[in-house]
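Below is one structure; the comments refer to it alone.
The values are calculated or read from the model by the stated rules, or taken from the named source; none is laboratory data. Bear in mind that the values here come from a model prediction, so they are computed numbers and not experimental data. All Cβ positions, glycine included, derive from the backbone under ideal geometry; neighbour counts span all protein chains shown. Surface accessibility is based on the protein's heavy atoms, side chains included, excluding ligands, DNA and RNA. Shrake-Rupley method; radii C 1.70, N 1.55, O 1.52, S 1.80 Å.
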Amino acid sequence: MFDWNWFERERKRIRDEFLRMVEEIEGRITPLHEIRRVGDEVIVTIDLPGVSKEDIKLYATEDSLQVIAKCKKEIRFREPCITGREATLNEYRATISLPVKVEPEEAKARFKFGVLEVRLPVKTGGKRIKVE
Amino acid sequence: MTNKVKIVEIEKADFKNPVLIEGLPDVGLVGTIATSFIVDSLGLREIAYVDSPLIPPAVQLKHDRIIEPVTIYGNEKVVVLTSFVELPLILLRSIVSEVLDWITKYKPSLMLSIGGIGDPRRIDLEKIGVVGITIDQKIRELIKEVPDVNILNEGVLSGPKAIVIREANKRRLPFLILLSQAFPNYPDPGAAAAVIDVINRLLKLEIDVKPLLEKADEIKVSLRELMKKTISAVAPTQSIRGAPTYIG
C-alpha cells in the first residue's frame with residue numbers, strides 16, 4: 001500500500017528545501033533556534049551571529065514569535081545549493097510556533113554572544129473552580 | 001547496507017608515538033571546529049581517510065584536490081581525526097574502532113578526544129569551563145598542572161564520547177576526553193577556543209585562537225546545516241549525570 005504519510009513528509013521537505021535555497025540566494029537565512037519549557041516559562045533561543053542588538057526586531061503573539069534581524073557585518077557564506085557560490089548574509093528571518101500559549105506582554109529578551117534569548121511566561125488562564 | 005569501514009592511507013605515515021586528537025561532530029560542533037583549526041594552524045598533511053558506504057555522500061573541493069568527509073591529518077607527532085559531515089552513532093562506533101586499530105600500530109602516547117558538553121547556562125558564561133575525563137594516573141597528574149580543567153572522578157557519561165572511551169579502554173590506550181561548556185544546538189567557536197587553550201598547555205603547542213574568535217560569526221553561519229544534521233544524527237547528545245558540580 002502506498003505510504004501517503006511518507007509522500008506528504010517528502011513533499012513538505014522538498015518544498016522547505018526549495019524555499020530555503022531561494023532565501024539563501026537572496027542572502028536571507030532562517031536562524032537556528034531552540035525552544036525549551038522550564039517551569040512556568042517558555043525559553044526560546046535564536047542564534048544570530050553577526051547581528052547587533054539594535055538591529056533585532058522581535059514580535060510575540062500568544063502562540064508565536066517572529067524575529068527579523070539585519071546583518072550589517074559582512075558575512076560571506078557558501079550557498080550549498082544550485083551553484084555552490086558564495087553569498088552575503090543580509091538578514092535573518094524566522095517565525096517560530098510556540099508549544100503552549102504565552103503572555104506576550106510579559107516577555108523578556110536579552111542578546112549575548114550572538115544568541116537572542118526570549119523568556120515568555122506560560123499563559124495561565126481559565127476560570128477557577130471552587131472545590132466543595 | 002554494511003557499516004564496515006576501512007582506512008585508506010594517502011601517504012605513508014611516519015609517526016613517533018603520536019598524540020591522536022579526535023574531534024568528530026557532536027555538541028556545539030566543538031570537536032569539528034577545534035580540529036579543523038588545529039589542522040590549519042599546524043599545517044598538518046592529509047595522511048588517510050575513512051571510507052564506508054554509510055558516510056553521507058559529500059566531498060570538499062580544495063583547488064586541485066578532493067577532501068574526503070572523514071579525514072586523518074598529521075605530522076610525526078600529532079594526528080587529527082576530523083569530519084565535515086554528520087555521523088550517526090552506529091557509524092561513529094565503527095569509525096572510532098577502525099581508527100584506533102590503525103593508530104595502535106604506531107604506539108600512540110595519548111588519545112585525546114575533544115568535544116562539547118551542552119550547557120543551558122552557556123549564555124551567562126564569560127569564562128568557559130573544560131571538564132577532563134581519564135582513568136590514567138599519569139594523565140591525571142599532568143592535567144592537574146593545567147588550570148581551569150575540572151577532572152571528572154565519578155558520573156555517567158553518555159553520547160559519542162562514551163563510545164570513544166569504551167573503544168580506547170578496550171585497547172588499553174591512554175585517553176583523555178576534554179569537553180567544554182557549549183551551546184547545545186549552535187556551533188560554538190568560543191567553546192572550541194577554550195578546548196584549544198587547554199591543548200596548548202597540555203601538549204606545549206602555541207596555537208593562537210585569536211583568528212578563530214575573529215572568524216566566529218562566519219564559522220557559525222557556515223556550519224549551521226552541519227549543526228542541524230548532527231543534532232538529528234546524534235540524538236542523545238553528550239551529557240554527564242551525577243556530577244553537576246564539576247562544571248562551571
Quiz item: Which residues, counting only those in the stretch A:63-106, are open to solvent by 60 Å² or more (accessible area, probe 1.4 Å), among the charged types (D, E, K, R) and modelled with pLDDT of 90 or more?
Solution: A:Asp63, A:Lys70, A:Arg93, A:Lys101, A:Glu105, A:Glu106
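Hey, among B:Ile47, B:Ile66, B:Ile72, which residue is in a strand (DSSP E or B), without any contact (Cβ under 8 Å) to a residue 12 or more places away in the chain and farther than 23 Å from B:Lys215 by Cα?
On the way: B:Ile47 fails: without any contact (Cβ under 8 Å) to a residue 12 or more places away in the chain; B:Ile72 fails: without any contact (Cβ under 8 Å) to a residue 12 or more places away in the chain.
Exactly one residue qualifies, and that residue is B:Ile66.
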Quiz item: Does B:Ile66 count as under 18 Å from the mean Cα position of the chain (by Cα) and at negative phi?
Solution: no
Practice problem: Please go through the stretch B:84-112 and pick out each residue that is under 18 Å from B:Ile21 (Cβ atoms) and in a helix (DSSP H, G or I). | Solution: B:Leu92, B:Ile95, B:Val96, B:Ser97, B:Glu98, B:Val99, B:Leu100, B:Asp101, B:Trp102, B:Ile103, B:Thr104
Practice problem: Please name all residue pairs, on different chains or six or more residues apart, with Cβ atoms under 6 Å, provided the first residue is in the stretch B:118-141 and is closer than 9 Å to B:Gln181 by Cα and the second residue is open to solvent by 30 Å² or more (accessible area, probe 1.4 Å). | Solution: B:Gly118/B:Pro184; B:Gly118/B:Thr237; B:Gly129/B:Ile247; B:Gly129/B:Gly248; B:Val131/B:Asn150; B:Val131/B:Tyr246; B:Val131/B:Ile247
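Would you mention how many residues in the stretch A:109-132 are within 14 Å of another protein chain (Cβ to nearest Cβ) and free of Cβ contacts under 8 Å to residues at least 12 places away in the same chain?
Our first condition is that a residue be within 14 Å of another protein chain (Cβ to nearest Cβ); within the stretch A:109-132, this holds for A:109-119.
Next cut, free of Cβ contacts under 8 Å to residues at least 12 places away in the same chain only: A:110, A:112-113.
Residues meeting the conditions: 3.
Output yes when any residue across the stretch B:86-93 is in contact with a strand residue (DSSP E or B) (Cβ under 9 Å, 6 or more places away or on another chain) and surrounded by fewer than 21 Cβ atoms within 10 Å (Cβ to Cβ), and no when none is. Spell out how you get there, then give the answer.
Step one: list which residues in the stretch B:86-93 are in contact with a strand residue (DSSP E or B) (Cβ under 9 Å, 6 or more places away or on another chain), which gives B:87.
Subsequent filtering for residues that are surrounded by fewer than 21 Cβ atoms within 10 Å (Cβ to Cβ) retains none.
For the stretch B:86-93, residues in contact with a strand residue (DSSP E or B) (Cβ under 9 Å, 6 or more places away or on another chain) and surrounded by fewer than 21 Cβ atoms within 10 Å (Cβ to Cβ): absent.
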Quiz item: Of these, A:Ser52, A:Ser64, which one is out of contact with any Asp or Glu (no Cβ under 6 Å at 6 or more places or on another chain), closer than 20 Å to B:Glu218 by Cβ and among the polar types (S, T, N, Q)?
Solution: A:Ser52
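Give the residue, chosen from B:Ile21, B:Ile38, B:Ile7, that is aliphatic (A, V, I, L, M), touching a Leu at 6+ places or on another chain (Cβ under 6 Å) and not in a loop (DSSP other than H, G, I, E, B).
Result: B:Ile21 is the single residue among B:Ile21, B:Ile38, B:Ile7 that is aliphatic (A, V, I, L, M), touching a Leu at 6+ places or on another chain (Cβ under 6 Å) and not in a loop (DSSP other than H, G, I, E, B).
Just give me the residues in the stretch A:34-64 being facing chain B (nearest Cβ under 10 Å) and over 15 Å from A:Gly114 (Cβ atoms), in sequence order. Write out each step before concluding.
Let us first name the residues in the stretch A:34-64 that are facing chain B (nearest Cβ under 10 Å), namely A:34, A:36, A:38, A:43, A:45-51.
A:Arg36, A:Val38, A:Ile43, listed by residue number.
Can you tell me which residue is surrounded by the most Cβ atoms within 10 Å (Cβ to Cβ) among those in the stretch B:107-127 that are of a type in the set (Val, Ile, Thr) and modelled with pLDDT under 95? Show your work before the answer.
Pass one, the stretch B:107-127, residues of a type in the set (Val, Ile, Thr): B:114, B:117, B:123.
Subset that is modelled with pLDDT under 95: B:117, B:123.
Values: B:Ile117: 29, B:Ile123: 16.
The extreme case among them is B:Ile117.
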Practice problem: Identify all residues within the stretch B:141-169 that are closer than 15 Å to B:Ile95 by Cβ and open to solvent by 60 Å² or more (accessible area, probe 1.4 Å); write none if there are none. | Solution: B:Arg166
Quiz item: In the stretch B:156-190, how many are farther than 16 Å from B:Gly116 by Cβ and of a type outside the set (A, V, I, L, M, F, W, C)?
Solution: 7
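Pick from B:Asp197, B:Asp208: which is open to solvent by 40 Å² or more (accessible area, probe 1.4 Å), modelled with pLDDT of 90 or more and in a helix (DSSP H, G or I)? Quick ask: steps written out before the conclusion?
On the way: B:Asp208 fails: in a helix (DSSP H, G or I).
Result: B:Asp197 is the single residue among B:Asp197, B:Asp208 that is open to solvent by 40 Å² or more (accessible area, probe 1.4 Å), modelled with pLDDT of 90 or more and in a helix (DSSP H, G or I).
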Exercise. Could you grab me the full set of residues in the stretch B:170-194 that are assigned to a loop (DSSP other than H, G, I, E, B), of a type outside the set (A, V, I, L, M, F, W, C) and open to solvent by less than 20 Å² (accessible area, probe 1.4 Å)?
Key: B:Tyr186, B:Pro187, B:Asp188
Self-check item: Residue list for the stretch B:182-237, restricted to those being over 24 Å from B:Ile55 (Cα atoms), of a type outside the set (A, V, I, L, M, F, W, C) and more than 14 Å from chain A (Cβ to nearest Cβ)
Solution: B:Asp197, B:Asn200, B:Arg201, B:Lys204, B:Glu206, B:Asp208, B:Lys210, B:Pro211
